[in-house]
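Since the structure comes first, as C-alpha cells, the remarks are kept for the end.
The values are calculated or read from the model by the stated rules, or taken from the named source; none is laboratory data. Every value quoted in this text rests on a predicted model; they were computed, and no experiment measured them. Neighbour counts are summed over all protein chains in view; Cβ atoms, including those assigned to glycine, are modelled from backbone coordinates with ideal geometry. Surface areas here come from the heavy atoms of the whole protein model, side chains and all, with no ligands, DNA or RNA. Shrake-Rupley method; radii C 1.70, N 1.55, O 1.52, S 1.80 Å.
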Amino acid sequence: MQIAFVDSAAKPQGCLAVFVAADKKPLAAAAALDKAAGGALKRAMDASRFVGKPGQTLAIMAPQGTTATRVVLTGVGDGKGLTTRSAEGLGGALLGDANAAGQTSLTVVVDLPAGCTLGAADLAARVALGARLRSYRFDRYRTKEKPEVKPTLKSVTIVVAGAAAAKKAFTVLEQVAEGVFLTRDLVSEPPNVLYPASMAARARALTKLGVKVEVLGEAAMTKLGMGALLGVGQGSRRESQMVVMRWDGGKRGQKPLALIGKGVCFDTGGISLKPAGGMEDMKWDMGGAGAVIGAMRVLAGRKAKANVIGFVGLVENMPDGNAQRPGDVVTTMSGQTVEVINTDAEGRLVLCDVMTYAQEKHDPAAMIEFSTLTGAIIVALGHERAGLFCNNTALATQLRDAGATVGDKLWRMPLGAAYDKLLDSEIADMRNVGGGRDAGSISAAQFLQRFVTNERPWAHIDIAGTAWGKGDDVTPKGATAYGVRLVDQFVADTLEK
Ligand code: BES
Ligand code: MN
Ligand code: ZN
C-alpha cells in the first residue's frame, strides 16, 4: 500500500475523506464539498447519528460535485481533544472503511480543526501512521483466500497544506510501523517455523540497520553458568539461544538502557504440562522478546540518539525424557539457587539469567523487561493494560506516561517483602513459584527482583494480557506488538530529551 502526501488533489478517485468537527461543523474541504453537492453532506448528517465525534465516520455514496465515488465524513471532535494517538485512530478507521467498501484508492483531506494542538504536518503524518498500522496482515500461510475478503486498498493520498513537512514527519513514523510489523510477524509465526535459532536469525538481520548483534548458544551459556535458562530449554530438541542487540546512537560512554525480553518460543508447560485446550496460544510466549527485537528495529531505523541494548532469552519449554523435573534445583548465573517446583513457571527462570548477564556484562543505567509471564495478570487487568512492576517511581511514571501517549497502557502493581517471602524454599535460595494461586503476578515479579543488583532502576512489564488482542482502531486482531511503541516513546521522552 502506497502512502503519499500532496498539497492539493484535483480529481480524487474512489474514497474521499473530509473532516467534520464537533456539532456537525464541516471543516474547509467538507464545507466546499457540501456546497458542490447541493447540501447532500448536511442532509446525510441530519439523516444519521453522525455528529462529528472523533473517529466517527459516515459514508455518502456518489454525491454530486466530486470525482470521488464514496465520500467519508470523518469526525475530529472539538480539536482540543485531538492527540497523536486519536489522529492515528482516524487513519485506522478510514483504512478499515475503505477496505470494507472494496475501494482501491483513498484520499484524506487533512484540515486542522480549531483548538488543535498538533500542527497540520504532524496531524497528517499521524493519520498516515494509523492507516499503515491498521493495514497489517499476516497472510503468509493462506493459499486459498477468496478475492472478496482480501484488502483492496492500494493507495492512500493525504492532502495537507505543507505536504513536504508531513512527508518528512512520516519517514520517521514509518520506522515505527516497520518495528511494529516485525514484532507482529514474529509473534504470529507458528512455532514450527519460529524457534530459538530461527528467531535469533531474524534478530541478526538488524545488523543491516547498524545494530551490533551477538548470538550465544548453549555452549557459551553453559560457560557463563546460566543454569536456570538452560534448565528450561533442556527438554527441547531446539538449541536455546540468547541474543544481544546493541544500538549505540547516544553519547559515547553513556550507560545504556537495557531492554530484556522473554522468548519462550513455545510453552507446553514442560513436565508440569498445560492442558490441551488453547495450548496453541503459547506460540506467542515469545512476545516479550518479539517486542524487544521490534523496539530495537525502530530505534535503529530512526537512528535514535540513545544507547540501548536489547537482550532476549530464547528457549522452548517441552516435556521430554531429558526435561527438567519439578523438584530439580538449578544454579543461576547470579550464583543463587532455585528449586523448580513448577516447570510451567519457566519465564522467570529464563529472565533471571538474562538479567544477570545484562548487568554483569553491560552495567545498564536501567532495565526494562517485557514478558508474557503470568495468566494471573489477565485475571487482574484483563486485556486493557499491562502490569507494571517497578522499584523506582520516577521510572514507573515515565513508562506510564509514554504508554499513555502511544496507547500501550500500563497499571502499576505492588511489590513488597511480604510477597517476597512466598518464594522461600526449604532446600534452595528460593522456589520458582509462590504459595498457591494467590498474587501470582506479584510473586513472579518478586522472583525477578531478586536478580536486580545495586538498586538499579528496573521495570518488569507483564504483557500476558496485551501481547495478543481482538484488535482496535490501529491494530488488527492478533499480535499487537505491545511494548514496541512504548519503548520508542520512552526513549524519545527521556534519553533523547
Ligand atoms: N506463559 C505463561 C503465562 C501465560 C498464560 C501467558 C496465559 C499468556 C496466557 C507462563 O509461563 C505460565 O505458564 N505461568 C503460569 C505460572 C504458574 C505455574 C505459577 C501461570 O500463569 O499459570
Ligand atoms: Mn509457562
Ligand atoms: Zn511461559
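Worth pointing out:
- Residue check, Val452 within 16 Å of ligand 1 (Cβ to nearest atom), at pLDDT 95 or above and among the β-branched types (Val, Ile, Thr): no
- Number of the condition not met by Ile368 [criteria: (1) away from ligand 3 (no atom under 16 Å from the Cβ); (2) outside any loop (DSSP other than H, G, I, E, B); (3) open to solvent by 10 Å² or more (accessible area, probe 1.4 Å)]: (3)
- Looking only at the stretch 450-468, and only at residues there that are under 11 Å from the mean Cα position of the chain (by Cα) and not aromatic (Phe, Trp, Tyr), the one that is farthest from Ser86 (Cα to Cα): Ile463
- Summed over the stretch 450-465, the residues that are touching a strand residue (DSSP E or B) at 6+ places or on another chain (Cβ under 7 Å) and open to solvent by 10 Å² or more (accessible area, probe 1.4 Å) give a count of 4.
- Residue in the stretch 309-324 that is farther than 24 Å from Met279 by Cβ, touching a residue at least 40 places away in the same chain (Cβ under 8 Å), out of contact with any helix residue (DSSP H, G or I) (no Cβ under 7 Å at 6 or more places or on another chain) and not acidic (Asp, Glu) present: no
- Test for Ala164: is it in a helix (DSSP H, G or I) and surrounded by 15 or more Cβ atoms within 10 Å (Cβ to Cβ): no
- Residue within the stretch 384-397 that is open to solvent by less than 50 Å² (accessible area, probe 1.4 Å), closer than 25 Å to Val243 by Cβ and not in a strand (DSSP E or B) present: yes
- Looking at Phe181, Phe170, just one residue is under 22 Å from Arg246 (Cα atoms), aromatic (Phe, Trp, Tyr) and surrounded by 17 or more Cβ atoms within 10 Å (Cβ to Cβ), and that residue is Phe181.
- Test result for Gly347, within 15 Å of ligand 3 (Cβ to nearest atom) and under 29 Å from Thr494 (Cα atoms): yes
- Qualifying residue in the stretch 119-128 (condition: surrounded by fewer than 17 Cβ atoms within 10 Å (Cβ to Cβ) and either without any contact (Cβ under 8 Å) to a residue 24 or more places away in the chain or part of a loop (DSSP other than H, G, I, E, B) (or both)): yes
- Residue match in the stretch 291-313 (condition: of a type in the set (Gly, Ala, Ser), assigned to a helix (DSSP H, G or I) and within 16 Å of ligand 3 (Cβ to nearest atom)): yes
- There is at least one residue in the stretch 377-400 that is touching a Leu at 6+ places or on another chain (Cβ under 8 Å), under 26 Å from Asn317 (Cα atoms) and away from ligand 3 (no atom under 16 Å from the Cβ).
- Of the residues making up the stretch 289-300, at least one is crowded, with 24+ Cβ neighbours inside 10 Å, under 30 Å from Ala205 (Cα atoms) and within 16 Å of ligand 2 (Cβ to nearest atom).
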